[in-house]
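Dropping the structure in here first, questions after.
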Amino acid sequence: MSDTFSLRLADLVRAIYPELDADILASQMIEAFWPDGRPRRKRARAPGNNFWSQKDALVITYGNSIVDGAHKPLDLLRDFLHNNLRGTVNGVHILPFFPFTSDDGFAVSDYRAVNPVLGDWADISRIAGEFNLMSDLVLNHVSSQGHWFNEYLQGHPPYDRFFFEASPEDDLSEVVRPRTHPLLREAETVNGLRHVWCTFSHDQVDLDFRNPEVLLEFLRVMRLHIDNGVRILRLDAVAFVWKEIGTNCIHLPQTHAIVRLMRLLSDFALEPVILLTETNVPSAENLSYFGNRNEAHVVYNFPLPPLLLHAMLSGTARYLNRWQATMPPAQLGCAYLNFSASHDGVGMRPAEGILPDDEQAAMIDAVRRHGGEVSMRALGGGKEKPYELNITFFDALKGTLEGEDDLHFDRFITSQTIVMALEGIPAFYIHALLATPNDHDKVAKTGMKRAINRHHLDYPELRARLADPGSMTSRVLNALKARLRLRGRQPAFHPNATQFTLQVGDEIFGVWRQSLDRDQSIFALHNVSDRTVEVDPMSLNMIDGDAWTDLLSGDKIAASDTPIRFAPYQCRWISNR
């Protein structure tokens with residue numbers, strides 16, 4: 001391995017652990033990530049635009065989103081992916097598939113095992129053999145009922161120093177909170193009463209990365225994932241991993257240094273490993289995780305879901321357009337992950353400073369009318385603020401701010417078409433692809449608002465709906481697959497192709513995309529309203545003499561004179577190739 005790598009690694013170690021011997025600790029990290037002296041690259045993988053292409057798209061799913069009571073859920077998931085999405089979607093994010101105690105997998109009790117209810121490592125590797133596989137590295141916390149925390153309670157090293165302790169007397173007023181429960185919980189240990197830090201729930205106890213043994217253990221877990229075929233590592237809740245009493249305990253310099261360290265190791269791995277940071281925070285904070293092309297390869301485009309939802313409900317793209325026009329292009333070797341729906345709710349924090357309070361309130365009222373819930377987060381002084389909207393994205397769009405109508409299908413397809421058109425890699429939650437309605441029974445059963453969007457699909461019933469061309473499940477999936485296949489053939493939709501936000505009226509959300517070789521241009525225009533709209537082609541600056549065609553309808557589009565007509569919720573991808 002090059003001296004450059006060793007020097008860069010040692011520098012990062014010093015930034016995180018200045019009081020320790022950097023050379024010794026760097027050697028331990030190399031051994032953790034490359035045990036048994038495994039081969040590695042002599043030079044770092046250079047940043048570039050060849051990590052991904054317009055053919056890339058992801059589906060997000062739990063390991064048991066599909067069940068039948070007889071077969072392993074991971075086998076059923078592979079069967080569904082193979083028969084319905086292969087050739088259209090080439091990546092899959094399987095949400096935490098480890099043994100757990102709460103939060104549908106995000107309170108991990110054993111990082112080295114696959115939850116036997118789902119299957120085993122062989123099932124994971126089999127899916128990884130057909131799809132680009134993303135897994136979760138749940139960094140910030142572990143289950144309070146798992147081995148690590150039980151060993152902590154018993155005072156057994158090294159786990160006796162694995163968890164972040166604080167005092168009720170500490171000044172924690174500046175700590176950024178994503179939840180409303182008390183931050184600290186009491187823990188009876190062999191060494192007496194302790195108060196441990198719990199960012200997300202009292203069953204999810206925060207780890208103490210000030211102890212380098214914690215980071216070393218996660219480097220070993222990273223290697224386990226990679227050896228089992230994982231190629232995209234999602235760093236869950238990474239913004240919170242480093243704490244210092246008296247600070248806001250989010251995005252601290254050591255946190256960014258830890259991400260840079262993981263990126264450095266990934267760039268020298270023989271396997272093509274991509275890091276994705278999960279930081280559901282305002283846009284500027286989220287973008288900071290690109291670093292200087294030396295942190296995350298990919299970041300979630302978190303402002304997109306709330307702004308997209310608002311546009312589709314309100315019939316105006318004013319705020320969506322305004323935000324998109326200010327978004328910087330991803331740096332070379334970096335990309336956005338675009339999505340509308342996920343296993344969590346529609347986060348509201350990323351809309352802060354973009355969507356006015358009265359617009360947020362109107363959207364929240366509509367979501368409640370459509371059967372949704374609202375989760376809150378704690379502010380200072382005992383105040384609360386909406387943190388996320390809990391609803392399936394399909395049901396969220398059953399109407400507008402004015403009420404329900406008969407344009408549900410068209411409105412929803414338009415929302416997902418926008419996700420496909422933007423700079424970046426599109427990702428689709430399985431329940432969005434399959435038009436799943438709200439699961440109120442699961443909310444009542446679990447007491448969790450997020451359960452509304454985490455339905456377990458019965459596979460025989462699902463197959464029957466997919467075989468019925470008139471079912472909403474079949475209609476939505478087939479429509480989205482057709483557009484994804486079309487997208488995959490357009491160089492102008494490369495995740496890093498040029499993008500410029502168009503300003504052609506509040507009812508239209510539009511972007512101009514141009515391929516990396518500047519050969520293909522696409523004007524991607526989407527009517528977010530329930531009204532017929534016309535656009536003057538002169539406002540698009542289409543080159544006269546080129547033959548412009550709407551790829552979605554096949555219509556020939558004149559570069560001047562004739563207004564371009566949009567039916568309610570109609571999308572047009574107008575291309576010169």
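The values are calculated or read from the model by the stated rules, or taken from the named source; none is laboratory data. Predicted model, so just to flag it, every value in this text is computed and none were measured. Using ideal geometry, Cβ is built from the backbone for each residue, glycine included, and neighbour counts are taken over all protein chains shown.
Does V273 meet the test of being closer than 29 Å to A341 by Cβ, of a type in the set (A, V, I, L, M) and either in contact with a Cys (Cβ under 6 Å, 6 or more places away or on another chain) or in contact (Cβ under 8 Å) with a residue 60 or more places away in the chain (or both)? Before the answer, list the steps.
Numbers: closer than 29 Å to A341 by Cβ: yes; of a type in the set (A, V, I, L, M): yes; either in contact with a Cys (Cβ under 6 Å, 6 or more places away or on another chain) or in contact (Cβ under 8 Å) with a residue 60 or more places away in the chain (or both): no.
No, not satisfied.
Is there any pair with a first residue in the stretch 322-351 that is in the same structural domain as V176 (by TED's automatic domain parsing) and a second that is modelled with pLDDT of 95 or more and in a loop (DSSP other than H, G, I, E, B) whose Cβ atoms are under 9 Å apart and which are 6 or more apart or on different chains, and what are they?
none
Among the strands (runs of 3 or more DSSP E) contained in the stretch 468-577, which hold 1 or more residues that are touching a strand residue (DSSP E or B) at 6+ places or on another chain (Cβ under 9 Å) and among the polar types (S, T, N, Q)?
Of the strands (runs of 3 or more DSSP E) lying wholly inside the stretch 468-577, those with at least 1 residues that are touching a strand residue (DSSP E or B) at 6+ places or on another chain (Cβ under 9 Å) and among the polar types (S, T, N, Q) span 498-502, 508-514, 521-527, 548-550, 571-575.
In this structure, does E278 turn out to be within 18 Å of L9 (Cβ to Cβ), within 19 Å of the chain's Cα centre (by Cα) and of a type in the set (D, E)?
No.
Using beta carbons and a limit of 7 Å, which pairs, at least six apart or on different chains, have the first residue in the stretch 88-110 and in contact (Cβ under 8 Å) with a residue 40 or more places away in the chain and the second one among the basic types (K, R) and part of a loop (DSSP other than H, G, I, E, B)?
Here the result reads N90/K55; D104/R454, each pair linking the stretch 88-110 to a residue that is among the basic types (K, R) and part of a loop (DSSP other than H, G, I, E, B).
Looking only at the stretch 398-407, decide whether some residue is in contact (Cβ under 8 Å) with a residue 40 or more places away in the chain and closer than 26 Å to P73 by Cβ.
No; the residues of the stretch 398-407 include none that is in contact (Cβ under 8 Å) with a residue 40 or more places away in the chain and closer than 26 Å to P73 by Cβ.
Let me ask something else. Which one of M376, M420 is within 30 Å of D171 (Cα to Cα) and touching a residue at least 40 places away in the same chain (Cβ under 8 Å)?
On the way: M420 fails: within 30 Å of D171 (Cα to Cα).
Testing whether each residue is within 30 Å of D171 (Cα to Cα) and touching a residue at least 40 places away in the same chain (Cβ under 8 Å) leaves just M376.
Okay, next question. Considering each residue of the stretch 23-76, count those that are out of contact with any helix residue (DSSP H, G or I) (no Cβ under 8 Å at 6 or more places or on another chain) and assigned to a helix (DSSP H, G or I), and give that number.
6
Report those strands (runs of 3 or more DSSP E) wholly inside the stretch 332-419 carrying at least 2 residues which are among the aliphatic types (A, V, I, L, M) and over 30 Å from T498 (Cβ atoms). Quick ask: steps written out before the conclusion?
Details: elements: 335-338, 373-378, 384-390.
Counting at least 2 such residues, we get 373-378.
What's the number of the only condition in (1) over 22 Å from V298 (Cα atoms); (2) surrounded by 18 or more Cβ atoms within 10 Å (Cβ to Cβ) that E423 fails to meet?
(1)
Any residue at all in the stretch 219-234 that is closer than 24 Å to G380 by Cα, buried (at least 16 other Cβ atoms within 10 Å of the Cβ) and in contact with a Ser or Thr (Cβ under 9 Å, 6 or more places away or on another chain)? It would help to see each step written out before you state the result.
Going residue by residue through the stretch 219-234, those that are closer than 24 Å to G380 by Cα are none.
Within the stretch 219-234, none of the residues are closer than 24 Å to G380 by Cα, buried (at least 16 other Cβ atoms within 10 Å of the Cβ) and in contact with a Ser or Thr (Cβ under 9 Å, 6 or more places away or on another chain).
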